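The values are calculated or read from the model by the stated rules, or taken from the named source; none is laboratory data. Only a predicted model underlies this, so the values are computations on that prediction, with no experimental measurement involved. No Cβ is skipped: glycine too gets one built from the backbone with ideal geometry, and neighbour counts run over all protein chains shown. To get the accessible areas, we keep the full protein, side chains included, count just its heavy atoms, and leave off ligands, DNA and RNA. Shrake-Rupley method; radii C 1.70, N 1.55, O 1.52, S 1.80 Å.
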Amino acid sequence: MFSEVHGCLPRCCRSISLARCCLILGDQLSDSLSSLNLLKPEDAVLMAEVWSEASYVKHHKQKIVLVFSAMRHFADALAASGRQVIYVKLDDPENTQSLVSEVQRAQDRFQFDAWCVTEPGEWRLKQQFEALKAQIKVPFEIIADDRFLCSHDAFKEFLVGRKQPRMEHFYRKIRQSTGLLMEGKQPVGGQWNFDHDNRKALDHRQTPDPPSWPLDATTKDVVELVNTRFANHFGDLHSERSAWPVNREQALQILDHFINERLPSFGDFQDAMVLGKDTLFHSLVSTSLNLGLLSPMEICRAAEDAFHQGHAPINAVEGFIRQIIGWREYVRGLYWAYMPEYKERNTLNANWPLPAFYWDETKTDMVCMSEAIRNTRENAYAHHIQRLMVTGNFALIAGCSIEAVCDWYLSVYADAYEWVELPNTLGMALFADGGVMASKPYCSSGKYIDRMSDYCKGCRYSVKDTETENACPFNYLYWDFLNRHRDRFRTNPRMAMIVRNLDRFSEEKMGAILSRAEAFRHQVETYGGDAVELP
Ligand code: FAD
Ligand code: DLZ
Ligand code: SF4
């Protein structure tokens, strides 16, 4: 049977005509969800924990705990409000373990007159639901997800006539349509973007501890389930406290903490990286936003209010709001505009197997990499610059397989869903889309990491060296990368100068760089990393 049926569903359903069922997915946990809004009191909700969603990539253990616990909390809240809820747990013996087959099983059992679902975030699920719609004998409606500020159609309209769409233009349109940080038609502070103020390395100031919550009974049950069924998945699982909000109340607490303790410094130190400081002044709202526990506008309004009350400066508030109404909406727009072909792109022909140290930071001596991977393993989190300029930059310049890198990012972060992960990884970090997301690759040598962090001081590699035995791998891999793609980048106005620098390298210098890169690759391929002494 079904794990839990809240309300009088089995009896009513047979007698009530026009009873409809709404399938709610694990990242659709919003009271105002478009499909929920359609329901009448006699209609029902189906939620299902299924193996197919929990294992299509090997999600970090904390991500599975978060999604299942948040689903259970949401189902309980719906039931408490009087809604009829069918909830299928993962270990229910009759669970058929896919969303489509669970809809079919519920249909066979309860004979609903119609179904609805809010459009899923991922293209692969949308395809599955389109196929189900054609097959199932009653109407099955897929409703637009209005939890985003820009619809698919509005984004397509934005793309019309733009050869090189850019986030900044999109962002200004959304500022105007939402009125966020606007004075009439003008941006507050006279500028659209205050990023030039947001490049400070951290000084020795204290950073606030992130909030966490003792595990409640629901989450404890899920932790046990994940420890049993997903023991071989990557990542640490904490048995005392949880760092990721599992219900709306906790999500509001994390938002409050961010606005009060972190937002004032968010802008200044947005790009900083510090040993042992895993979250710095970042908001930590991505998991709650992506699950639907918080809405983009309520977060942005809270930040805007903090500015108007004089609590946070404009560079912090504008920079933060841009991430949410700019980047987040923009990557979703690109995802739906370019899928499914987008996922196949590999413009730079990157195919090197992902080094084993991405799964085990002890296999590398590169402090920047081991810090980002440790943070990822311990917290299912790394902040944007760690994702982009450390693990992403390394994968880009080393030429790691696009598919393997995308799977890694989709697996290891608690906030990862393909609609947001793919454009960020394939497009922004790996430049595999040939410049749709970014006008130039985000490649850099160790110099950038040294400027923005304190990592290099304690690293066995020398960030000042490029050719010596002890040289920072980011340095020679960077020039090796530019050399491999010299012809392509020569014609990119933002890369041409750096290619001209490369052209001036002597044959001897270039030869030394290439052999360093080759030796490094060989060692990683042979031993899984660079932390192993060569025999
Ligand atoms: P903050 O730094 O406090 O930023 C505030 C919010 O802005 C975030 O919560 C997020 O909702 C939004 N945001 C910021 N940058 C981006 C961006 N580039 N794209 C979309 N939203 C953004 N974000 C995800 O939510 N899921 C992912 O799977 C994901 N994968 C990424 C992969 C790579 C290679 C890179 C470079 C970035 C990725 N990001 C992803 C974007 C960003 O790194 C995370 O949103 C952010 O680190 C989450 O932490 P935070 O909430 O503390 O963010
Ligand atoms: C991420 C996830 C996981 C781990 N498990 C489930 C699940 O068992 N049931 C479910 O409805 N949703 C789950 N999700 C979220 C879906 O994968 C998500 O809805 C799609 O990726 C679309 O964004
Ligand atoms: Fe990373 Fe190079 Fe700095 Fe070491 S020296 S921390 S490898 S950038």
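Per-residue answers, yes or no, for (1) more than 18 Å from PHE394 (Cβ to Cβ); (2) of a type in the set (Ser, Thr, Tyr); (3) touching a helix residue (DSSP H, G or I) at 6+ places or on another chain (Cβ under 6 Å):
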{"position": "SER462", "(1), (2), (3)": "no, yes, no"}
{"position": "ASP465", "(1), (2), (3)": "no, no, no"}
{"position": "GLU469", "(1), (2), (3)": "yes, no, no"}
{"position": "PRO473", "(1), (2), (3)": "no, no, yes"}
{"position": "LEU477", "(1), (2), (3)": "no, no, yes"}
{"position": "ASP480", "(1), (2), (3)": "no, no, yes"}
{"position": "ASN483", "(1), (2), (3)": "no, no, no"}
{"position": "ASP487", "(1), (2), (3)": "yes, no, no"}
{"position": "VAL499", "(1), (2), (3)": "yes, no, yes"}
### Query
When only residues in segment 231-268 that are open to solvent by less than 20 Å² (accessible area, probe 1.4 Å) and either free of Cβ contacts under 8 Å to residues at least 40 places away in the same chain or touching a Lys or Arg at 6+ places or on another chain (Cβ under 6 Å) (or both) count, which is farthest from ligand 1 (Cβ to nearest atom)?
HIS233
### Query
Name the pairs whose Cβ atoms lie under 6 Å apart, with the first residue in segment 87-102 and closer than 16 Å to THR228 by Cα, the second in a loop (DSSP other than H, G, I, E, B) and open to solvent by less than 30 Å² (accessible area, probe 1.4 Å), and 6 or more positions between them or separate chains?
LYS89/GLU49; LEU90/GLU49
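Which one of these is of a type outside the set (Lys, Arg) and within 23 Å of SER453 (Cβ to Cβ): SER283, SER295? Even if it seems obvious, please write down each step before you answer.
Values: SER295 fails: within 23 Å of SER453 (Cβ to Cβ).
Of the residues listed, the single one that is of a type outside the set (Lys, Arg) and within 23 Å of SER453 (Cβ to Cβ) is SER283.
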### Query
Does LYS457 count as part of a loop (DSSP other than H, G, I, E, B) and modelled with pLDDT of 95 or more?
no
#### Entry: Pick from segment 401-418, criterion crowded, with 22+ Cβ neighbours inside 10 Å and under 10 Å from ALA350 (Cβ atoms), ranking: nearest to ligand 3 (Cβ to nearest atom)
VAL405
### Message
Out of everything in segment 83-95 that is open to solvent by 20 Å² or more (accessible area, probe 1.4 Å) and within 28 Å of the chain's Cα centre (by Cα), what residue ends up being farthest from ligand 2 (Cβ to nearest atom)?
### Response
ASP91
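Step by step: first the residues of segment 287-318, then only those that are small (Gly, Ala, Ser) and crowded, with 23+ Cβ neighbours inside 10 Å, then the one that is farthest from the chain's Cα centre (by Cα). Which residue is that?
Of the residues in segment 287-318, the ones small (Gly, Ala, Ser) are 288, 292, 295, 302-303, 306, 310, 312, 316.
From the residues that got through so far, the ones that are crowded, with 23+ Cβ neighbours inside 10 Å too are 288, 292, 303, 312, 316.
Values: SER288: 11, GLY292: 14, ALA303: 21, ALA312: 26, ALA316: 21 Å.
Once the filter is applied, the top-ranked residue is ALA312.
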### Task
Report yes if some residue within segment 495-512 is more than 16 Å from ligand 3 (Cβ to nearest atom), open to solvent by 30 Å² or more (accessible area, probe 1.4 Å) and among the hydroxyl-bearing types (Ser, Thr, Tyr); otherwise report no.
yes
### Query
Got at least one residue in segment 400-410 being in contact (Cβ under 8 Å) with a residue 60 or more places away in the chain and over 24 Å from PHE520 (Cα atoms)?
yes
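Only one of these is under 24 Å from TYR413 (Cβ atoms), surrounded by fewer than 24 Cβ atoms within 10 Å (Cβ to Cβ) and at pLDDT below 95: SER55, SER17, SER3, SER30. Name it.
Details: SER17 fails: under 24 Å from TYR413 (Cβ atoms); SER3 fails: under 24 Å from TYR413 (Cβ atoms); SER30 fails: at pLDDT below 95.
SER55 is the lone residue from the list that is under 24 Å from TYR413 (Cβ atoms), surrounded by fewer than 24 Cβ atoms within 10 Å (Cβ to Cβ) and at pLDDT below 95.
Against the condition touching a Ser or Thr at 6+ places or on another chain (Cβ under 8 Å), under 21 Å from LEU294 (Cα atoms) and of a type in the set (Lys, Arg), how does ARG166 come out, does it pass? Steps first, please.
Details: touching a Ser or Thr at 6+ places or on another chain (Cβ under 8 Å): yes; under 21 Å from LEU294 (Cα atoms): no; of a type in the set (Lys, Arg): yes.
Against the criterion (touching a Ser or Thr at 6+ places or on another chain (Cβ under 8 Å), under 21 Å from LEU294 (Cα atoms) and of a type in the set (Lys, Arg)), ARG166 does not qualify.
From the list SER411, SER439, which residue is more than 9 Å from ligand 1 (Cβ to nearest atom), in a helix (DSSP H, G or I), of a type outside the set (Phe, Trp, Tyr) and touching a Lys or Arg at 6+ places or on another chain (Cβ under 8 Å)?
On the way: SER439 fails: in a helix (DSSP H, G or I).
Testing whether each residue is more than 9 Å from ligand 1 (Cβ to nearest atom), in a helix (DSSP H, G or I), of a type outside the set (Phe, Trp, Tyr) and touching a Lys or Arg at 6+ places or on another chain (Cβ under 8 Å) leaves just SER411.
Here is a yes/no grid of residues against (1) open to solvent by 30 Å² or more (accessible area, probe 1.4 Å); (2) in contact with a strand residue (DSSP E or B) (Cβ under 9 Å, 6 or more places away or on another chain); (3) farther than 18 Å from LEU334 by Cβ; (4) touching a residue at least 40 places away in the same chain (Cβ under 8 Å):
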position	(1), (2), (3), (4)
GLY121	no, no, no, yes
LYS133	yes, yes, yes, no
SER151	yes, no, no, no
ARG162	yes, no, no, no
PHE170	no, no, no, yes
LEU181	no, yes, yes, yes
### Neighbours by Cβ (under 8 Å, 6+ apart or cross-chain): first from segment 369-393, over 18 Å from ALA414 (Cβ atoms) and open to solvent by 10 Å² or more (accessible area, probe 1.4 Å); second among the hydroxyl-bearing types (Ser, Thr, Tyr) and assigned to a helix (DSSP H, G or I)
SER370/THR362; MET389/TYR448
### Query
What number of residues within segment 352-370 are within 15 Å of ligand 1 (Cβ to nearest atom) and within 18 Å of MET452 (Cβ to Cβ)?
2
### Message
Quick check on my filter: what residues within segment 460-484 are within 14 Å of PHE520 (Cβ to Cβ) and in a helix (DSSP H, G or I)?
### Response
PRO473, PHE474, ASN475, TYR476, LEU477, TYR478, TRP479, ASP480, PHE481
### Query
Has segment 46-54 got at least one residue that is touching a residue at least 60 places away in the same chain (Cβ under 8 Å), within 12 Å of ligand 2 (Cβ to nearest atom) and farther than 22 Å from GLN107 by Cβ?
yes
